[in-house]
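What follows draws every value from the coordinates through simple rules; no lab data is involved. Just so it is clear, the structure is predicted and the values come from calculations on it, not from any experiment. Virtual Cβ from ideal backbone geometry, glycine too; neighbours counted across all protein chains shown.
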Amino acid sequence: SMEVVDLAYKYRSAGVVGIDLAGNEHNYPFAPHVAAFERAVKLGIHRTVHAGETGSADSVRQAIEQCHAERIGHGYAIIDDPAIYEIVHSRDIHLECCLTSSLHTNAVGKYMPTDSEKHEKHLMLHGHETKTTLHTHVKSKKDIWHPIHHFGRDHLNFSLSCDDPSVSQITIEHEYEHALTDLKLSPAQLSQCVFNAARSSFLPESEKDQLIDRLLANYLPKQVMKRHLTDKIKDAPLLVDV
């Protein structure tokens, strides 16, 4: 791990912007890699960690608190722990969600309304109505329930990715269509995913601003933009349907 960090730093001017940690969460703990990630922080190297995919919500907490992760690969398990869910939400940690991959690996199941007791408990802990709130996006038995329904409802910082396009034989366009058609995300929520990805990217700030400007130019004519009062002008636009 330390060698990878040193290589990332060595080639930072050649386009290397960060490091990632991925593997079997059950058999390979984060502990041996913590020192390398602490060094990455000191060197200004960005950090993402795969966690909460097949592991528990606590693996997400460890990724954030021990490895200083700015982004989490997957992170679906946070719906099982309201405290860790709130850590991700309050710290604006970015979640890289991969719809098709999460089904192929069984990281999430195809939960139907009658099989959602665990998730109703989560909603109750958050003070929400259970069945009505949980199943807002589940219109028929053809629809797939997924943790991103929670993330979208609560305005967490998440986006859509392919994970392994060569294995799953998908494109990002496929994932967007999957989100709209099967998971019933709204166009505004999908647009928000695009902005979340841009503002949470590891681009230099000047390039990130340029990217967000391009997105604003394309999305503004079609969407109404609402902003969190504590955010910068272009930091985290919240889109709503009109």
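Note on segment 149-226: with charges restricted to the Cβ of Lys and Arg (+1) and Asp and Glu (-1), its dipole about the Cα centre is near 400 debye. Treating each Cα of segment 1-78 as one equal point scatterer and applying the Debye formula with no solvent, the log10 of I(q)/I(0) at q = 0.12, 0.16, 0.23 Å⁻¹ comes out as -0.30, -0.52, -0.98.
When Rg and Dmax are taken over the Cα atoms of segment 153-200, they come to 11.0, 32 Å.
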